[in-house]
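Read-outs throughout are calculated quantities, based only on the coordinates presented, and are distinct from any laboratory measurement. Note that the coordinates shown come from a computational prediction; the quantities given were computed from them, not determined experimentally. Heads up, the Cβs are rebuilt from the backbone with ideal geometry, glycines too, and the neighbour counts pull from every protein chain shown.
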Amino acid sequence: MLEREVVYESVLDHDFLDEIYSLPGGHEIKKCIQCGTCSGSCPQGAVMDYAPRKIFSLIRAGFRDEVLESNTIWYCSSCYTCAVRCPKEIKITDVMYALKRIAIKEGKAKAGRKAAVLSKTFMNMVNKYGRNHETELMTRYILTADPFSAFNFMPQGWRLFSNGRLPIMPHKIKNIEQLRKILKKVEELGEI
Amino acid sequence: MSERIGVYVCHCGTNIAGKVDIDKVVEFAKGLDDVTLVREYKFMCSDPGQSLIQKDIEDGLINRVVVASCSPLMHEKTFRNVCTRGGLNEYLFAMANIREQCSWVHVDEAQTTEKAKDLIEASVRRVALQVPLTKREVPINPQTLVIGGGIAGIQAALDLADAGKKVILIEKEPSIGGHMAKFDKTFPTLDCSACILTPKMVSVGQHENIELLSWSEVEDISGYVGNFNIKIRKKARYVDAELCNGCGACWEKCPGTRVPRKGNVHEKLSLGPTTSIYMPFMQAVPAIPVIDTETCIRFKNGKCGICAAVCERNAIKYDMEDEIVEFEVGNIILATGFQTFDPEPVKRYGYGRFDNVMTAIEFEIMNCASGNTGGKILMADGKEPKSIGIVHCVGSRDKHYNEYCSRVCCMYALKYSHLIKEKIDAEVYEFYIDLRCFGKGYEEFYDRLLGEDVRFVRGKVAEVTEVPIEEAEKGKLVVEVEDTLVGMVRRIPLDMVVLCTGLEAHESLPDVAGLCSVSIGKDGFVIEKHPKLGPVATATDGVFIAGCCQSPKDIPDTVAQASAASSAVLSMITREKIEIESATASVDEDKCSGCKLCNSLCPYLAIKYDEEKGVSVVNEALCKGCGTCAAGCPSNAISAKHFEDRQIFAEIKGILSA
Amino acid sequence: MTFEPKIVGFLCNWCSYTGADLAGTARIKYAPNIRSVRVMCSGRIEPTFIIKALFEGADGVLIAGCHPGDCHYQEGNYKALRRHRLLQRILPEYGVEPERVRLEWIAASEGERFATIVNEFTEQIRELGPLGVKESLAEAMKDDIDHHEEHIEESGAANEA
Amino acid sequence: MKYTYYPGCSVKATANLYQESIDSVMPSFGVELEELEDWNCCGATAYMSVKELMSFAISARNLAMAEKFHRDVVTPCSACYLVLNKTNHYFNDYPDMRKKLGIALEAGGLSYSGNIRVRHLLDVMVNDVGFEKISEAATSKLEGLNIAPYYGCQIVRPFYYGCGACSDSEDAFDDPDDPICMDRLIEATGATSVKYSMKTKCCGSSLMGTEEKQALKLCRGLLADAENNGAHCIVTICPLCQMNLDIYQPKVNSLFGTKFNIPVIYFTQLIGLAMGKKPEELGLNKLAVKMTEPMKQILQGA
């Protein structure tokens, strides 16, 4: 968290709200009444820097860095409890995704460094094979994010392997070219 | 044809002038055929504005009038009256709606101005073809129907009856009194609900001008303002009202159970007897019981008959049947009231799953001195709770259920806190989003509660659970909520949770409103004639509204609206006569081929075939001017007055002329 | 320059016109292409009104009435529905795409819905382009319209007499 | 009843035991699952965190390929169910997205009109097959077995009836806070469904790789609630939930000093057991937390 005594208007980003709002999932975010249903419902609410409700306040007030650098967005486990309960039907989970993307794009994903690595590794895996290969995913992820934690994952890996649940070879889809063409076109079109 | 049309363009302050170039519009209007005079004014509906038109008519400058201003639904009547005062037939007037459907809804000034021009040209072309029509007058029946016997209906009925007018008050429950009869105390003054309501109920029962039909429902409404025909179904009570003296011997001996006698405290909450023959509560008006045929043993297997045996006056009549009665009334007041939101679908609050989660109405009944807990606050197992949570906005301010604020919950929730603190030694938590204490004495009441050690937590409750995390939570209900002012998620163990369920229009409203041709808004409540200036009237002349059928409201507002509705009715009755729409259909007998198609098209059976002449004839008293017959006539023999084909054609031509 | 379609709306007094007014009271913005004609009931709307509007230069026609079951005159909207269906079959014979004539139910409380429908419809007509067959349409309809107009001239004169 | 089958990556790997039970059980109910040829990963939650439109695009490739069969797409994985469904909804709800996805698919020689229904295998079992048929097939009634139905998140959220998050309600089949269809399915097998509060709470699967402690905490809460309410085992419908609660259960024990020993099985395995099939046939030998003695005894008695 950044420390400030008084917040000057000049340091706030008042376009941040519109940036979120214009995303498909950002719809209705302006209608938040700060009731706290989301925070109260969030299984991770207690460990977040700011629980979801506060994230909306910060977005609306223009605290761009505080939001993007918070651990909140990386603690979201996509359980959608807040989203179905929100009395204003704000797609909160989608907003969290949007924040994750902006944070990764702008290199502000400090609090979510590991999650960012995992997500990117996953994406690369899918782009490469068309499918996820869990063995390779975890190996690459651990090596990139935190090689020293490898021993931490080993018991689980062994449990999978010994029960015949860990395939060694990745499966590549036949028409990977088609998938790549589609992705290339999206790149040209630009994200929404 | 040389008509002399006067066009009056209203600025409506900046409402129109801010988006429409008035000068251009005026120039344009001057160039239209038959237009002899164009004026503009800041507010055409103001006195000076109206005088402008009146004077031009009186001076003989014009013989047709077009006002380009707001919606005809807003001011058509105003300007028609101006014409009449000036000596011009009011049907030689047309309006161009350049505000609601033009300046207020478009962004680009040039386009808005163009549209305003088109709309004015349409009205000018139309008005040139309009013909004078004569107004018809009908007498107003001085009798009034009030539908619903809650505090709104009671107040309206008493006001009218005290003024010497006859009232028919119908109530679908066995007694009048509505929700107010279930309350113990009323906020913020804490006066006893029964003490202030019962005298009113009694005067309704005794009033010579009120015919009270309880346990009755509206079957049909036909006719029009001043002359409605009403059919009412008097449901069989199985108790003869003439003979019964309300002694209570029947329910004291009744072996049937309408409300379970076993089960926990909350399941058997009731104000009146829990038997199959019952009175809803002891102060019931009329004080006559009714048999609940769903649970009555006699009706289930024919084997009982105890109530008839114990009744000394032989008032029990098992063979009673529903009865249809008919009335004629001049006006109708709708006062169908509300029902509370059913919280069962909000699974996360556990209503129906957890014994000690209860609704506001259940809690009211529990608090009511005449209820079967004697006003004691008890948990389902009969013990006194040590901590109670009050959850606001259940089913209100929530897009999944009702989007609107139910308006009374904050205040009744505060009332509960006070009652709890007064009666027992328990901690009370209020879980609120915003506290809306807007009425007279309300903020002061909140202030008082703050001093009574009520714990206020700002946050909508996320969930009520029984799963304990720490020792103190075992065996308790745990409320999970973000205390938004502190910014922390809290878990609060409680013995009892009261859900402040919101108010919804009563489920019977859509049917009744349909019978009166009154529209229901998307929130489920009746749409009033005007949200600001016509809050007790509806779009249907002669049908008025009072109380929660229009929107959630508290008792003072309900009573005020009821009195307003009755005074509106009184002003109608005092007039004795009312003018009704002249724009009816008429048949050109020369063209009518006598095919009778229109006879079946007319929803009011206003067109009859004249055997002698071999043509169809419109009964103008029954015709409401919808024009369906005119549109359907294959020989073009029917014209809808004031909406004739040629007038509409002229209007179409006008809007497309640019 | 983009094509600005001309749209004529026929709105029933009790629901749809009130709904359109509500859009105004709530200051909801929508495309300025629509100009509305108020009738007491959607049951009053004759197919000839619509033909006339297309003939006079409209690119699209919106008919709006109360929701089924809500008609102020009990069932005028059902009549409108039937006439609309009939018209949908006839329009292609004049060379007019049936999508140019749209029927919607708009309640008095649905200001926002009115605005949404107008916007959608305007865009739809914009994509369809101007009613290109206007010349041939005029030719094809001439007899019908002339006949009808003669007819109503007479009846109008009769009314005034 | 023929469906286009979308297994998803996990079912082909770490959840191969799920697939084995599906293969073993489904034909008995006349459910024919024809695997979508050359399907690709749905993208799950991770892809969406990096690129939005791309994640919808890869998901849409599957839908586009499936559309020509005019059958419902069925997946046994809750995450795939959610992502495919979400793609479908957003494709239909947001014209701009529809347009762009259309262009992208075209680049791959595909097109999609948005008319496919994505369903979960559980939905097919309870609504198309029905409890009656399941009950009939359950020849070895599992009486005495207490089972905690674990729905998890993504099958009931956000696509359930009445929720503003979805534009039509047809895809939904149960309540987001208190679903009951699996409870009824358990009863149909003769077993007892355990009433507990955590049945739709998050197990933290998506956090296990990054915020392990928090994820383990969520697992502990779930396992504790099931155990306290007398569950012999937990039944689940999602490969990610299963792996999380199964593979990580020893770790939960070591971190929090608990002694959980609760097998976590798939609903298809449960149905198989009720049909009298051998555990190996259903892939039950591949569980990390093996079937307990009391469980085995009940099964033998059945």
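If the segment from residue A:57 to residue A:106 were pulled out straight at 0.36 nm per residue, it would be longer than the present Cα-Cα gap by 15.5 nm. The Cβ shell under 13 Å around residue C:102 holds other residues with a net charge of -4, Lys and Arg each +1, Asp and Glu each -1. For the pair residue C:85 and residue D:2, label points projected 7 Å from Cα toward Cβ lie 3.5 nm apart. Summing Cβ point charges (Lys, Arg +1; Asp, Glu -1) relative to the Cα centre of segment D:1-149 gives a dipole of roughly 480 debye. For the protein assembly as shown, the mean projected area of the C-alpha convex hull, equal to one quarter of the hull surface, is 57.0 nm².
Grab the beta carbon distance between residue B:658 and residue B:622, set R0 = 30 Å, and tell me the FRET efficiency rounded to 0.05. It comes to 0.15. Bridge orientation summary for the protein assembly as shown: considering DSSP beta bridges with both residues in this region, about 35 percent are antiparallel. Between residue D:127 and residue B:447, the FRET efficiency from the beta-carbon distance, with R0 = 45 Å, is close to 0.25. Cα centroid separation, segment B:235-305 to segment B:142-168: 28 Å. Dividing the summed -39500 (n - 2.57) terms of all DSSP H runs of n ≥ 4 by the residue count of chain D sets its mean residue ellipticity at 222 nm at -12500 deg cm²/dmol.
Ordering A:96, A:83, A:57 by Cα displacement along the dipole of segment A:9-108 toward the positive end leaves A:83 in first place; charges were set at the Cβ atoms of Lys, Arg (+1) and Asp, Glu (-1). Pairs B:613/B:641; B:268/B:386; B:172/B:231; A:114/D:99: which are spaced more than 25 Å apart, C-alpha to C-alpha? From B:613/B:641; B:268/B:386; B:172/B:231; A:114/D:99, over 25 Å: A:114/D:99. Per residue of D:100-108, other chain Cβ atoms within 10 Å of the residue Cβ number 6 on average. Counted as membrane-span-like here are DSSP H helices of chain B whose alpha-carbon atoms extend 27 Å or more along the helix's own axis and whose Kyte-Doolittle mean is -1.0 or above; these are B:109-129, B:555-575.
Helices meeting the span-like rule in chain D (full DSSP H runs, Cα extent of at least 20 Å along the helix axis, mean Kyte-Doolittle score of -0.5 or higher): D:52-67, D:78-93, D:212-228. The mean count of C-beta atoms from other chains within 10 Å of the C-beta of residues in C:80-87, rounded to a whole number, is 1. For the residue pairs B:347/B:532; A:88/A:184; A:91/C:6; B:200/B:235, the C-alpha atoms sit more than 29 angstrom apart in B:347/B:532; A:88/A:184; A:91/C:6.
Distance between the pseudo-spin-label points of residue B:314 and residue B:220 (7 Å out from Cα toward the beta carbon): 3.6 nm.
Put simply, the amide H of residue B:517, placed in the peptide plane, has no neighbours under 5 Å, leaving out anything fewer than 5 places away on its chain.
Extending 7 Å from the Cα toward the beta-carbon at both residue B:425 and residue A:144 defines two label points whose distance is 6.4 nm. Computed over chain D, the range of Cα coordinates on each principal axis works out to 58, 43, 34 Å, biggest value leading. Per-residue extension of 0.36 nm, minus the Cα-Cα distance of residue B:472 and residue B:322, leaves a gain of 48.3 nm for this segment.
Averaged over peptide A:159-169, the number of partner chain Cβ atoms lying within 10 Å of each residue's Cβ comes to 5.
Extension gain for residue B:109-residue B:355 works out to 82.3 nm (0.36 nm per residue, less the C-alpha to C-alpha distance). With a Förster radius of 45 Å applied to the beta-carbon distance between residue B:455 and residue D:135, the computed FRET efficiency rounds to 0.35.
Here segment B:599-644 and segment C:49-101 have alpha carbon centers that stand 21 Å from each other. Could you give me D for chain B, from Stokes-Einstein at 10 °C and 1.306 mPa s, where the hydrodynamic radius is the Kirkwood radius over C-alpha pairs? Units µm² s⁻¹, please. Translational diffusion coefficient: 55 µm²/s.
Distance from the Cα centre of segment D:30-91 to that of segment D:103-146, in angstrom? So the two Cα centres are separated by 14 Å.
Dipole magnitude for segment A:113-189: computed about the Cα centre from +1 point charges on Lys and Arg Cβ and -1 point charges on Asp and Glu Cβ, it is near 180 debye. Ranking B:367, A:145, B:285 by Cα position along the charge dipole of the protein assembly as shown, where only Lys, Arg, Asp and Glu carry charges on their C-beta atoms, puts A:145 farthest toward the positive end. About its Cα centre, the protein assembly as shown has a charge dipole of approximately 3680 debye under the convention of +1 per Lys or Arg Cβ and -1 per Asp or Glu Cβ, with nothing else charged.
Across segment A:9-108 the C-alpha pair distances fall into 5 Å bins from zero in the proportions 2, 15, 27, 29, 19, 7, 1, 0 percent. Applying D = kT/(6 pi eta Rh) to segment B:18-132, where Rh is the Kirkwood radius over alpha-carbon pairs, T corresponds to 4 °C and eta to 1.567 mPa s, the Stokes-Einstein value obtained is 91 µm²/s.
Taking a ≥ b ≥ c as the square roots of the eigenvalues of the alpha carbon gyration tensor, segment A:113-189 is oblate, as a/c is not under 1.5 and a/b does not beat b/c. With the charge dipole of the protein assembly as shown set up from +1 on Lys and Arg Cβ and -1 on Asp and Glu Cβ about the Cα centre, the Cα lying farthest toward the positive end among the listed residues B:187, B:66, B:481 is that of B:481.
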